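Here is the structure we will look at.
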C-alpha cells in the first residue's frame, strides 16, 4: 500500500514537473506575449512642455521591450479610439482633457500627469479621495507633499512657526494634510480662503500675520500677473514665501522643493513598469512627486538676514527624512 | 466705420484668444518655463544684506516709516545715528551727516531710484523740492560713511538711497488731509492702478501744502506737487520705469535775525521755486543672472528771487537756476561661485545760472564722466573681500580716483565684522568754482578759480549681529576720518576767497539696534558719538554735535489701533555759515496714536494724532527759530 501511495505521489510529482517544464518552455519562447503592456499616451502637441514630457517618457519606456506605446493627440481623442483595443494603461498629459478621459470609462489604470490638485479638482471634485468613483484613475500632481514643505520650512529657520497658506476652494484639500503634519511639528497653519479677484486686497494682511507664506500650487492665486504684487508686498513686511517652481523662486520666493520634468517622467515610468497593483497605492488617488531638488534664492534670503544650509544639504536632509518614514 | 468695428472685433477676438491660450498653458508655464515670470525681487528692489555690506547701512523700511509718524521726509532721517536735521530759515530743510557743514550740506549724496538728485546750484540736496512724496517711499537706505567708490564724487560723508514703491504695490485710491495747530495744512491724493494685461502699472500722486513755520521769523511756505511712477514689464527679462515730478512752491524768506541790520539787504519777500524731474530706468536681467541697470534723468530747478534793496534802491537778483542731465549704467555679474563683479559708467552734465553769486548773466556748465568697479570675493568660507574704485574725469578739476577696500568676516550666521578703508572726494560746485560776489560794487567773496576737490580718508571697524532668531539686529561702527582740502565756504562773512585751506579729523562711534519680535512691535534706537581733533578752524569743531540719539517704540494692535513714541536728542552744535548761531541741545518727544477702521469693499479710514513736544528751546539754525510744540491731526481714506 505504501508503495502504491508513493507511486501515486511520484507520478503526480512527475506530472506537475512536466507541466511546469512545458509552461516554462512556452514562456521562454513567448515572453513578450505574456508580459506585454500597451500604453496609450494622450498629449497636446501644441504644448512644448507636454511634448518634452512625452519625448522623455518614450525614451524611458523604450528600455522595456515589453511595452508598446500608442500616442494620441488631444485633438484626436474620442471614445471610438479605445473600442476593441487592448490597452493596459492610459497616460493623460493634457489636464484640460481630464473630464473627457474620465468619461471614456475604459476601466484601465489611467495616470493623469502634469496637473495640480487645484486644476484636477475642476474636473474631478471628489479628489483627493475618489477611490470609489474613480478607482482606476491616479493623478501624478505637481504639488509637493505637505510633510516635505513643512520640513523645508523648519530647516530654513526654526523661527518660522506661523505659516500662512492661501487657498481657493479647489486647492483647499491641501489644508488637511498640512494641518496633520503641522501638529506633529508644532507649527501653526493659518489658512486664508479667497479667490483670484480678491487676493491682491488680502496679501497685505496675510503678510503681516505670518512668519512665512507657503505657496500652494494653485495658479488661480499664484500666476505671472499676481506674483509681482504678492512678492513685493510680502517682502515689504519681511515675510518670505516658499515657492513651488523654479520660475517662482527666481522671481523672489526664498526657496522651495521643485520637481523637474525629468524627475516626474522618471517617477511615472517606474509606476508604469511597476508590477504593484494600482489599488495598493497610498494617498488616495494622488501621487506626489517622489524626486525633487531644493532651489533657493539666496539674494532674497540674505536681504532678509536669513541664512540656511546649501540646497544640496537641504535636499539630502529632506531625502534622508523621507526614506526613514 | 465698418472697418473700425471689424478691426475692433478682430482685436477683441485676438485678446480673448491670447488670454484663453494663457489659461490653458498657465500651469505648465509656471512650473516648467525657465523664465515666464519676471524677476520681481531683483537686486535693485532688495535691501542690502547688512552683514555683507561694505559699509554701515541704516535701513528705514516701510514699517519703520509708518511707525515713525513722520510728517516730512527729513524727519525720518532723525532715526539714523550721526544725522543732523534742521530747517534753515524755517522752511529750507537741512540734512547733514557728521557735521562740518553749513545750511547747504554738500557731503551727502541723495539717490532716488538710482538717480542722483544732488543739486549743482548749492551742492547737496534741495529737500524742499525733492521729486517724491513721503507716502510713496518704500525704503530708505542710508550708507553711513564715505562712498565715492560706488556713488561718485559727492558721496563724501554718506549716501541716502531712496527707493519708491512699485506702482503695482498699492492699487486704488488714497487721500489724506493733515493739519496742525500752527496753521499748517496738507492735502494728498494718490491713485494707482494696473492695466488689464498686468504689464503696465502706474501711480499718480498730488499734494498741496502750506505752513507758517516758526512764529518769530517770516518763513511761510506753500507747495503744489505732482509725482508719478509708471512700471512697464517688457517681456520676462526687461522692465522700464518712468518717474515724473513737478513742483511749484513759494518760500517766504528774510535774514533770520529780524533785529539785525542785514535785514535791509535781505528783507522779507517771497521766493518762487519750481522744479521738474524726469527719469527713465531700464532693468535687464539675463538668463544667467546678470543684471544691467541703465538710468537717464533730467532735473531742472528754478528759484526766482529778485527784489529791490531799500537802502540803495538797487536790484538784487538772488535767482538761481540749474539743469542737470545724469546718465548711468551698471552691470552686475557672477564670475563664479566665489566672485561677483559690479561695474559701470556714468556721465553728468550740469549748468547753473547764479547772477548774484557768480556776477554774470551767463550760465556756467560742467561735465563729469565716471567709471567704477567693485569685485566681491569670498574665500575661506567666512571672508568677503570687496575691492572697488571709481575714476572721475571732471572738465574743471581733472581726474580723480576713489578707492575702497573692505574685508568682512562672517564668523557665524549671527555675527559679522568689517574693516573698511576708503578715500572719497567732493568736487567743488560751479558756485564755488566761479564765485565772484559783489554787493553795491564792493567784492564780497570770490574763488581762487582752481579749487581742488575736498578729500577724506576713512577707516572704519564695525560689527553687525543678528540675535533672538533674527528679530534683533545690532550694529556698531568705529570710525576715523581725515578731511583735507576743505573749502572754507560758509565759515563766516569774513571769508573773502574760497580756497581749500581747511582740514579736520573726526573720530567716534555709532550704535544702532533694531528689534522686531513680531509684525506688530518695533524698537529702534540709534546713538552716535563724534569728536573732532586737529581741526584747522575752531568753527569746524562746533559744527559737529558730540552726541546724537534717537529712540522709537511702536506697536500695531490687532483691532486697527496703532501707537508710537519717539525721542530725539542732539547735543549742542553750530552750523557753519555767518547767519547760523550756536544751537543748544535739541530734545523732542513725539507721540502718535491712531486707528485704522476697515469697511466693506476694501475701504478703510485711518485717523491719527501726532504730538511733537519740544523739550528744549530747540533752536533751529537761527536764534529766533525755536521749535514749538505741535499737534497734528491726519485723516486718510483708502479705497482699493
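Every number here is computed from the coordinates shown, using simple stated rules; none is lab data. Small disclaimer: the values here were computed from a predicted structure and weren't measured. Cβ sites come from the backbone with ideal geometry, for glycine too, and all protein chains shown count toward neighbours.
What to note about this one:
- Inter-chain Cβ neighbour average for residues B:60-66, partner chain, 10 Å: 2
- For region B:82-144, the equivalent ellipsoid derived from the alpha-carbon gyration tensor has semi-axes of 18, 14, 12 Å in decreasing order.
- Look at the alpha carbon pairs under 8 Å that are at least 6 residues apart: their mean separation over the length of region B:179-222 gives a relative contact order of 36 percent.
- Each residue in B:460, B:432 was given a count of other beta-carbon atoms within 10 angstrom of its own, and listing them fewest first yields B:432, B:460.
- Separation of region B:567-600 and region A:281-321, taken as the distance between their Cα centroids, equals 48 angstrom.
- Base-10 log of normalised Debye intensity for region B:301-436 (one unit scatterer per alpha-carbon) at q = 0.14 Å⁻¹: -0.79
- Protection proxy ranking, highest mean first, for peptides B:221-229, B:404-412, B:557-565, A:231-239: A:231-239, B:221-229, B:404-412, B:557-565, where packing is the per-residue count of other beta-carbon atoms within 10 Å, averaged.
- Of all DSSP beta bridges confined to the protein assembly as shown, the antiparallel ones make up roughly 90%.
- At 0.890 mPa s and 25 °C, Stokes D of region A:67-190 from Kirkwood alpha-carbon radius, µm² per second: 148
- Pairwise FRET efficiency - residue B:471 versus residue B:633, Cβ, R0 = 35 Å, nearest 0.05: 0.60
- Selected from A:309, A:109, A:125 as most flexible by GNM, with chain A as the system and alpha-carbon contacts under 10 Å: A:309
- Region B:103-205: antiparallel DSSP beta bridges as a percent of all, rounded to 5: 80
- Legend: translational diffusion of the protein assembly as shown by Stokes-Einstein, Rh = Kirkwood radius over C-alpha pairs, 25 °C, 0.890 mPa s; D = 77 µm²/s.
- Between 0 and 90°, nearest 10: helix A:311-324 axis offset from chain A longest Cα axis: 50
- DSSP beta bridges confined to chain A are antiparallel in about 10 percent of cases.
- Net length gained if the chain between residue A:311 and residue A:76 were fully extended (0.36 nm per residue, minus Cα distance): 80.3 nm
- With a simple spin-label model that places each label point 7 Å from the Cα along the Cα-to-Cβ direction, the separation between residue B:289 and residue B:310 comes to 6.9 nm.
- When you restrict to C-alpha pairs under 8 Å that are six or more residues apart and normalise by the size of region B:220-360, the relative contact order lands at 17 percent.
- Cβ-derived FRET efficiency at R0 22 Å, residue B:401 paired with residue B:461, nearest 0.05: 0.40
- Secondary-structure-derived ellipticity at 222 nm for the protein assembly as shown, considering helices only, amounts to -6000 deg cm²/dmol, per-run term -39500 (n - 2.57) for DSSP H runs with n ≥ 4.
- FRET efficiency for residue A:66 and residue A:205, using Cβ-Cβ distance with R0 set to 35 Å, rounded to 0.05: 0.05
- Relative to the longest principal axis of the Cα atoms of chain B, the long axis of helix B:2-32 lies at roughly 90 degrees.
- The C-alpha atoms of chain A define a longest principal axis, and helix A:227-236 lies at about 50 degrees to it.
- Placing a pseudo-label 7 Å from each Cα along the Cα-to-Cβ vector at residue B:448 and residue A:273 gives an inter-label distance of 8.4 nm.
- Most to least packed among A:178-191, A:249-262 [average Cβ atoms within 10 Å]: A:249-262, A:178-191
- Mean per-residue shielding of peptide A:246-254 is 6, counting Cβ atoms of other chains within 10 Å of each Cβ.
- Sorting A:301-308, B:140-147 by average packing, meaning the other beta carbons within 10 Å per residue, from highest down gives B:140-147, A:301-308.
- Diffusion constant of region B:414-516 at 4 °C, which comes from Stokes-Einstein with the Kirkwood Cα-pair radius and 1.567 mPa s, µm²/s: 78
- Full-stretch length increase - residue B:555, residue B:179 - with 0.36 nm per residue and alpha-carbon distance subtracted: 133.0 nm
- Centre-to-centre, using Cα atoms only, region A:143-173 and region B:375-433 are separated by 42 Å.
- A full extension of the chain between residue B:347 and residue B:411 corresponds to an added length of 19.1 nm, given 0.36 nm per residue minus the alpha carbon distance.
- Inter-chain Cβ neighbour count for B:569-575, averaged per residue, equals 0 (cutoff 10 Å, partner chain atoms only).
- Cα centroid separation - region B:162-190 against region B:496-523, whole Å: 29
- Distance (nanometres) between label positions extended 7 Å along Cα→Cβ at residue B:317 and residue B:265: 1.9
- Whole-number percent relative contact order across chain B, with pairs defined as alpha carbons under 8 Å at least 6 apart: 12
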